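Single-structure report; data block below.
The values are calculated or read from the model by the stated rules, or taken from the named source; none is laboratory data. Owing to the predicted nature of the structure, the values given are computational and were not obtained by experimental measurement. Because the Cβ atoms are built from the backbone with ideal geometry, glycine has one as well, and the counts that use them run over all protein chains shown.
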Amino acid sequence: MTDKPTVLFVCVHNAGRSQMAAGYLRALAGDEVEVLSAGSAPKDVINPVAIDAMAEEGIDIAGNTPRVLTVDAVKESDVVITMGCGDACPIFPGKRYEDWQLDDPAGQSIDAVRPIRDAIRARVEGLLAELLPARD
């Protein structure tokens, strides 16, 4: 891993879970971590309920655009976090992979999305503590 680790968050639509995780990591790590997100079958826009849930945390993901997962994005990442994308993510030796089992916020109410958001935050905080242990 380089001095500035790169983390890629991947979910199917890149419109909810991966966008929320990327939003948290950007907010919590600042410029100490390069943050990418992508989807195996991206939607056209970010889930509006995910946008609202993150806005409650003071994090704006409204301007983000879902992106398609590319081999290059995986190659340039040190850590690849998948969230329900199955086998769609290419595997490269020497990369750290984690699969976070999280409910899909698509079609859910804000009350259903808040616990998903909170679980994502807790996992992102744990990941950040591992990536930048001297930060505390």
Exercise. What is the one condition in (1) outside any loop (DSSP other than H, G, I, E, B); (2) out of contact with any Phe, Trp or Tyr (no Cβ under 8 Å at 6 or more places or on another chain); (3) not basic (Lys, Arg) that ILE120 does not satisfy?
Worked result: (2)
For this session: Quick one: GLY107 ticks every box in (1) modelled with pLDDT under 90; (2) surrounded by fewer than 16 Cβ atoms within 10 Å (Cβ to Cβ) except a single one, so which number is it?
Result: (1)
For this session: Filter region 20-58 for residues that are surrounded by 20 or more Cβ atoms within 10 Å (Cβ to Cβ) and over 30 Å from PRO93 (Cα atoms) and give the result.
Result: ILE46, ASN47, VAL49, ALA50, ILE51, ALA53, MET54
For this session: Kindly check whether there is at least one residue in region 62-76 that is touching a residue at least 60 places away in the same chain (Cβ under 8 Å) and touching a helix residue (DSSP H, G or I) at 6+ places or on another chain (Cβ under 7 Å).
Result: no
Seminar exercise, completed: When LEU102 is run through (1) under 15 Å from LEU25 (Cα atoms); (2) surrounded by 17 or more Cβ atoms within 10 Å (Cβ to Cβ); (3) at pLDDT below 95, the failure sits at (1)
